[in-house]
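Below you will find the structure I want to go over with you.
The values are calculated or read from the model by the stated rules, or taken from the named source; none is laboratory data. All figures in this text were calculated on a predicted structure; none of them were measured in a lab. Using ideal geometry, Cβ is built from the backbone for each residue, glycine included, and neighbour counts are taken over all protein chains shown. Remember, those area values only see protein heavy atoms, side chains included, never the ligands or the DNA or RNA. Shrake-Rupley method; radii C 1.70, N 1.55, O 1.52, S 1.80 Å.
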Amino acid sequence: MPLSGSGPSGPGSTGTASTVVLDAADISRALTRITHEIIEKNRGASQVVVLGIPTRGVELGRRVAERMSEVDGHPVPYGSLDITMYRDDLRLKPARALERTDIPVDLDDRIVVLVDDVLFSGRTIRAALDALNDLGRPRAVQLAVLVDRGHRQLPIRADFVGKNLPTSLAEQVKVTVSGHDERDEVRIVSAPKVGPGEIA
């Protein structure tokens, strides 16, 4: 299962059950709420930089930054932060293609808001914090996620959450976002049940 828990939408493989838990309107409302919470927490947006974590966090981060600019009246810089070389499973899995890192401004003494689609084990965010250490010294780092599905393995907590979605480890949370996928949607996909005599 991917650390982020994200992937293409759809019913999954044969025998799986798939349920839509957030549609496009739900996602839009969640991002709007996150936008206002970020502005309120930071008393404005003038010192905020938004960095999305590839892949779907980049598109979500762009939307949050643009909403913040509209609400607060200040342009909010946004970019992307690739964590590939900072992952703690590099030696366990095949090498991944590098994603784009785009840092729009000097991060020193700025408030960096990391944006990701799903918060799961916390290892992706730990890698993002390690990557940030090589890029500057922000005044503060905050985390916004569309979905928090639980099952943390590290002491990491999101500051802004679109939806808390309790799940079992036998389930996957699959996020799609238009601009990267065909539609905005969050699904829970359940693994097929194992019948008598079958091997899981």
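I'd like to check something: does the range 96-110 contain any residue that is of a type outside the set (Lys, Arg), on the phi < 0 side of the Ramachandran plot, out of contact with any helix residue (DSSP H, G or I) (no Cβ under 9 Å at 6 or more places or on another chain) and not in a loop (DSSP other than H, G, I, E, B)?
In the first step, residues of the range 96-110 are kept if they are of a type outside the set (Lys, Arg); the result is 97-99, 101-109.
Narrowing the set further to residues that are on the phi < 0 side of the Ramachandran plot leaves 97-99, 101-108.
In the following step, the residues that additionally are out of contact with any helix residue (DSSP H, G or I) (no Cβ under 9 Å at 6 or more places or on another chain) were identified as 103-106, 108.
Keeping just the survivors that are not in a loop (DSSP other than H, G, I, E, B) gives none.
No - not one qualifying residue is present in the range 96-110.
Just one of the numbered conditions (1) surrounded by fewer than 18 Cβ atoms within 10 Å (Cβ to Cβ); (2) modelled with pLDDT of 95 or more; (3) assigned to a loop (DSSP other than H, G, I, E, B) is not true of residue 70; which one?
Condition not satisfied by residue 70: (3).
Would you pick out the residues in the range 22-40 that are farther than 21 Å from residue 179 by Cα and without any contact (Cβ under 8 Å) to a residue 12 or more places away in the chain?
Within the range 22-40, 40 is the sole residue that qualifies.
Right, something else. Tell me, which residue of the range 141-169 that is among the small types (Gly, Ala, Ser) and more than 14 Å from residue 121 (Cα to Cα) is surrounded by the fewest Cβ atoms within 10 Å (Cβ to Cβ)?
162
Would you point out which residue out of 31, 51 is under 20 Å from the mean Cα position of the chain (by Cα), in a helix (DSSP H, G or I) and at pLDDT 95 or above?
31
Is it the case that the range 85-92 has a residue that's open to solvent by 10 Å² or more (accessible area, probe 1.4 Å) and at pLDDT 95 or above?
no
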